[in-house]
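Reviewing the structure listed below.
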Amino acid sequence: EWVRRIEELTGFEVIDSIPKAEPLGPKTPLDCMVVAPLTGNSMSKLANAQTDSPVLMAAKATMRNSRPVVLGISTNDALGLNGVNLMRLM
């Protein structure tokens, strides 16, 4: 139900597969992207350019286009082990 609500609010279909995320970038740039929640695992992958999911592929394309990516970090290790990855992304 929350996916439908997001689509209603934004007027856009949720991007939930790698083929749907691939056009983002030169073809269809975003004004801004929000990644929430961003787990420690996904933060590590994003910091190390591992784009193995639609979210990470879209985030990488958005950053490549010099557009803002807002990260809603959600991790259970209080950033202790992921602090270095957060600093790479800043």
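Some notes on this structure:
- Helices (runs of 4 or more DSSP H) (entirely within the chain) containing at least 2 residues that are among the polar types (S, T, N, Q): 40-47
- Count - residues of segment 1-51 that are of a type in the set (Val, Ile, Thr), under 11 Å from the mean Cα position of the chain (by Cα) and surrounded by fewer than 11 Cβ atoms within 10 Å (Cβ to Cβ): 0
- Considering segment 45-83, the residues that are of a type in the set (Val, Ile, Thr) and touching a helix residue (DSSP H, G or I) at 6+ places or on another chain (Cβ under 8 Å) include one that is modelled with the highest pLDDT, namely Val69.
The values are calculated or read from the model by the stated rules, or taken from the named source; none is laboratory data. It should be emphasised that the depicted structure is a prediction, and the values quoted were computed from it without experimental measurement. Heads up, the Cβs are rebuilt from the backbone with ideal geometry, glycines too, and the neighbour counts pull from every protein chain shown.
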